Amino acid sequence: TSQTVLAAVESGVLKLTLNRTDKLNSFNEEMHQALRAQLDRAHQDVAIRALLLTGAGRGFCAGQDLGDRDPRKGGDKPDLGRTLDSYYNPTIRLIRSLNKPVICAVNGVAAGAGANIALACDIVIAARSARFIQAFSKIGLVPDAGGSWSLPRLIGEARAKALALTAEPLSAETAADWGLIWQAVPDEDLMPQATALAGKLAAGPTLGLGLTKQLIQDAATSDLDSHLDRERDCQRAAGHSDDYAEGVTAFLEKRPAQFKGR
Ligand code: T3D
């Protein structure tokens, strides 16, 4: 198994750590494939009830490994559309379609596709020293890994355009103030807080949490009328779950609920 993504399961949380520290955890093909395999596993394994994504060393992820794109090495110009189709886009789709909470602990700089993979996660917590950089314009590219879709939705067109066109770094605290991420926390609190949050969500009513995630995502592209119908269908499904029965019983018995995730 590849060491480019470290994987460990604890208390229902699959923790994935991007691990190419000498390259600020930038993506080569091996790391793409390793992440993809772990995301597939998260989809299939019912014992995994939350995902925690972070980076090893001082950075979260610097996007594409530009060493693998060196024009000086000669050859044809690369087809970047193909690498998006093969790697970045499936990753974004797998994160967004996973019916389980995905927490991202941004431990340091998140640049290019690295920033936008973080933003595809459901709850993003960043260390105060972390920065978000839409680095693409510095090398003549457009935001990818869903960035040109997620940025305007999260922070509005004005801020999205300025970040993408200038490639200026955004501090974790400003990112939180703007609503780009959930929280900026002191560096030393990042992993304890992110781990606790992931553990709490993994012990939650997974079926309902997964439906909640999908509903909120779908809201971006649906009208109220059809969305009310979707909410009704999801609530019907949630109402049939064992966890709903347990949640109500626990409330009435004045005790903590013991959710099973179904
Ligand atoms: O190609 C396709 O498939 C299309 C998809 C594209 C998706 C993309 O993500 S495009 C954007 C690619 N990423 C970037 O342009 C960011 C490049 N990196 C940086 O601008 C800086 O490294 C940072 C601002 C992120 C961090 O700066 P700093 O000063 O904290 O660290 P550093 O010294 O620049 O980096 C540390 C090492 O990591 C350094 O190696 P060295 O000199 O110690 O041997 C640096 O070269 C390496 N590194 C950082 N980012 C990348 C990288 N090596 C290869 N690719 C990188 N993206």
From the option list Ala135, Ala164, Ala160, Ala220, single residue qualifying as over 30 Å from Ser11 (Cα atoms) and modelled with pLDDT under 95 is Ala220
Determine if the range 163-172 includes at least one residue that is within 16 Å of the ligand (Cβ to nearest atom), in contact with a Lys or Arg (Cβ under 9 Å, 6 or more places away or on another chain) and assigned to a loop (DSSP other than H, G, I, E, B).
yes
Selection over the range 1-27 where residues are part of a loop (DSSP other than H, G, I, E, B) and either in contact (Cβ under 8 Å) with a residue 60 or more places away in the chain or more than 16 Å from the ligand (Cβ to nearest atom) (or both) yields a count of 8
Taking the conditions exactly as written (out of contact with any helix residue (DSSP H, G or I) (no Cβ under 8 Å at 6 or more places or on another chain), aliphatic (A, V, I, L, M) and farther than 23 Å from Arg131 by Cβ), does Val46 satisfy them or not?
yes
Go through the range 184-211 residue by residue and tally those that are more than 19 Å from Ile125 (Cα to Cα), assigned to a helix (DSSP H, G or I) and over 16 Å from the mean Cα position of the chain (by Cα).
4
Scanning the range 28-76 residue by residue, those at pLDDT 95 or above, more than 16 Å from the ligand (Cβ to nearest atom) and over 14 Å from Leu6 (Cβ atoms) turn out to be Leu39, Asp40, Ala42, His43, Gln44, Asp45, Val46, Ala47, Ile48, Arg49, Ala50
Just for strands (runs of 3 or more DSSP E) wholly inside the range 104-147: which have at least 1 residues that are within 8 Å of the ligand (Cβ to nearest atom)?
109-111, 131-133
May I ask you to verify whether Leu84 is near the ligand (Cβ under 8 Å from one of its atoms), at pLDDT 95 or above, part of a loop (DSSP other than H, G, I, E, B) and of a type outside the set (Val, Ile, Thr)?
no
Would you tally the residues in the range 173-183 being in a helix (DSSP H, G or I), touching a strand residue (DSSP E or B) at 6+ places or on another chain (Cβ under 6 Å) and either more than 12 Å from Ala130 (Cα to Cα) or among the aliphatic types (A, V, I, L, M) (or both)?
2
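The values are calculated or read from the model by the stated rules, or taken from the named source; none is laboratory data. Nothing here was measured: the structure is a model prediction, and the numbers come from that model. Ideal geometry is used to build each Cβ from the backbone, glycine not excepted, and the neighbour counts take in all protein chains shown.
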